[in-house]
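Here the structure comes first, spelled out in structure tokens, and everything after it is commentary.
The values are calculated or read from the model by the stated rules, or taken from the named source; none is laboratory data. This one's a predicted model, so the numbers in the text were calculated from it and none came from an experiment. Here Cβ is always computed from backbone atoms with ideal geometry, including for glycine, and neighbour counts include all displayed protein chains.
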Amino acid sequence: MSPRRGRTGDVLIDTTFDFRSDSGGRDPDRFSPTLHRYHELLWSRPLPTGRRFELTDARPASYLVHRSDLGEFHLSSDAIIATYRNARGRAVVEQLPESEVEAFAALGCTMGGMIVFPSNRVGGMMTINGHRGFHRAVADRFDLTLECIRRHYLGEPSPLAETLLRYRGFFALFGDFAGYVDHFLLQDLVSEHGTAVKPFLAFDDFTTQAVPRDVATYVEFRDRSMEFIRARNRRIDALAASLQEALRPEPGLSCRHG
């Protein structure tokens with residue numbers, strides 16, 4: 001059932017829901033039906049121009065798609081929080097209690113840790129999701145990815161500049177960096193005036209090590225990542241509440257007769 005047709009009183013978005021729980025042990029970005037519904041509901045909303053960015057289910061050909069005179073945009077889900085439980089950070093992560101590692105992973109699999117990016121390959125080249133995970137200067141970190149996006153809007157170089165440029169039509173939908181941040185509820189990762197990204201770790205123009213190399217640095221990265229996810233989940237809760245309110249019937253209206 002489309003979330004926009006949910007029954008009055010239903011919870012449209014549960015920001016405590018761990019998308020691993022309905023993915024059958026597979027990748028939630030591809031296989032969680034709840035995550036798919038949430039993406040469709042949350043990001044199908046007006047652009048800064050006032051035009052609605054309507055997303056529809058196009059599986060299996062495409063995860064979500066928008067088609068209008070604005071263009072055709074194919075989007076996929078991406079978990080934006082790196083826990084580094086894989087080979088890149090395993091030696092550090094294994095020094096922490098498993099309960100702490102799992103708590104980080106579980107929070108990262110709630111809606112605050114998810115976003116959509118264009119999924120179509122342009123000229124057979126890597127997508128944004130692929131390149132940000134592959135490039136050593138970014139290493140799958142979303143704070144660094146967002147810094148690359150900020151620079152894209154300013155026409156400045158970054159490790160992901162060529163890839164972001166291939167999807168310039170998608171980013172143009174939001175007008176500027178502030179419009180992109182507002183649409184995807186990323187305000188807690190930028191400065192008060194929205195002109196700078198607040199990195200999770202010390203940052204020096206992509207010259208510092210992206211992957212935490214010791215426990216203290218990893219814990220700092222983890223704690224700031226979790227703080228961002230919780231803050232974004234609160235913003236999602238507020239948006240979901242407004243969407244829920246829009247579903248309520250007008251006073252005095254009833255479907256009962258006689």
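Anything in the stretch 75-87 that is surrounded by fewer than 18 Cβ atoms within 10 Å (Cβ to Cβ) and not aliphatic (A, V, I, L, M)? List them, or say none. Break it down stepwise before answering.
Filtering the stretch 75-87 down to residues surrounded by fewer than 18 Cβ atoms within 10 Å (Cβ to Cβ) leaves 85-87.
Passing the criteria: Arg85, Asn86.
In the stretch 135-157, which residues are buried (at least 22 other Cβ atoms within 10 Å of the Cβ), outside any helix (DSSP H, G or I) and not hydrophobic (A, V, I, L, M, F, W, C)?
Asp140, Arg141
If a residue has to be more than 23 Å from Phe170 (Cβ to Cβ) and either hydroxyl-bearing (Ser, Thr, Tyr) or assigned to a loop (DSSP other than H, G, I, E, B) (or both) to count, how many in the stretch 33-74 make the cut? Working first, answer last.
Initial filter on the stretch 33-74 (more than 23 Å from Phe170 (Cβ to Cβ)): 33-34.
Narrowing the set further to residues that are either hydroxyl-bearing (Ser, Thr, Tyr) or assigned to a loop (DSSP other than H, G, I, E, B) (or both) leaves 34.
Matching residues across the stretch 33-74 total 1.
Which ones in the stretch 21-32 are under 28 Å from Ala246 (Cα atoms) and part of a loop (DSSP other than H, G, I, E, B)?
Of everything in the stretch 21-32, just one residue is under 28 Å from Ala246 (Cα atoms) and part of a loop (DSSP other than H, G, I, E, B), namely Ser32.
Between residues in the stretch 80-95 that are in contact (Cβ under 8 Å) with a residue 40 or more places away in the chain and residues that are of a type in the set (D, E, K, R) and surrounded by fewer than 18 Cβ atoms within 10 Å (Cβ to Cβ), which pairs lie under 6 Å by C-beta distance while being six or more apart or on different chains?
If the second residue must be of a type in the set (D, E, K, R) and surrounded by fewer than 18 Cβ atoms within 10 Å (Cβ to Cβ), the pairs left are Val93/Arg85.
Which of the following residues is among the basic types (Lys, Arg) and modelled with pLDDT of 95 or more: Arg150, Arg121?
Numbers: Arg121 fails: modelled with pLDDT of 95 or more.
Exactly one residue qualifies, and that residue is Arg150.
Within the stretch 168-183, can you find the residues that are in a loop (DSSP other than H, G, I, E, B) and either in contact with an Asp or Glu (Cβ under 7 Å, 6 or more places away or on another chain) or crowded, with 18+ Cβ neighbours inside 10 Å (or both)?
First pass over the stretch 168-183, keeping only residues in a loop (DSSP other than H, G, I, E, B): 173-176.
Residues satisfying the conditions are Leu173, Phe174.
Find all pairs meeting these conditions: Cβ atoms under 6 angstrom apart; at least six residues apart or on different chains; first residue within the stretch 161-176 and closer than 15 Å to Ile115 by Cβ; second residue hydroxyl-bearing (Ser, Thr, Tyr) and modelled with pLDDT of 95 or more.
As it stands, the answer is Phe174/Tyr180, since those pairs meet every condition given.
Of everything in the stretch 50-75 that's of a type in the set (Ser, Thr, Tyr) and touching a helix residue (DSSP H, G or I) at 6+ places or on another chain (Cβ under 9 Å), which residue is farthest from Gly179 (Cα to Cα)? Spell out how you get there, then give the answer.
Going through the stretch 50-75, the residues of a type in the set (Ser, Thr, Tyr) turn out to be 56, 62-63, 68.
Retained after the next criterion (residues that are touching a helix residue (DSSP H, G or I) at 6+ places or on another chain (Cβ under 9 Å)): 56, 63.
Details: Thr56: 22, Tyr63: 23 Å.
Taking the candidates together, the pick is Tyr63.
Would you check which residues across the stretch 114-134 are crowded, with 17+ Cβ neighbours inside 10 Å and either touching a strand residue (DSSP E or B) at 6+ places or on another chain (Cβ under 6 Å) or not in a helix (DSSP H, G or I) (or both) and list them?
Those that are crowded, with 17+ Cβ neighbours inside 10 Å and either touching a strand residue (DSSP E or B) at 6+ places or on another chain (Cβ under 6 Å) or not in a helix (DSSP H, G or I) (or both): Met114, Ile115, Val116, Phe117, Pro118, Ser119, Met126, Thr127, Ile128, Asn129.
If you take the residues of the stretch 208-234 that are in contact (Cβ under 8 Å) with a residue 40 or more places away in the chain and assigned to a loop (DSSP other than H, G, I, E, B), which of them is surrounded by the fewest Cβ atoms within 10 Å (Cβ to Cβ)?
Among those residues, the one meeting the criterion is Asp214.
One residue is enough: does the stretch 96-113 have a residue meeting the conditions in a helix (DSSP H, G or I), polar (S, T, N, Q), without any contact (Cβ under 8 Å) to a residue 60 or more places away in the chain and farther than 30 Å from Asp69 by Cβ?
If we filter the stretch 96-113 for residues that are in a helix (DSSP H, G or I), which is where we start, we get 98-108, 111-113.
Filter once more, so that each one left must be polar (S, T, N, Q): 99.
Filter again for without any contact (Cβ under 8 Å) to a residue 60 or more places away in the chain, leaving 99.
If we keep only those that are farther than 30 Å from Asp69 by Cβ too, we end up with 99.
Yes, there is a match, as at least one residue in the stretch 96-113 is in a helix (DSSP H, G or I), polar (S, T, N, Q), without any contact (Cβ under 8 Å) to a residue 60 or more places away in the chain and farther than 30 Å from Asp69 by Cβ.
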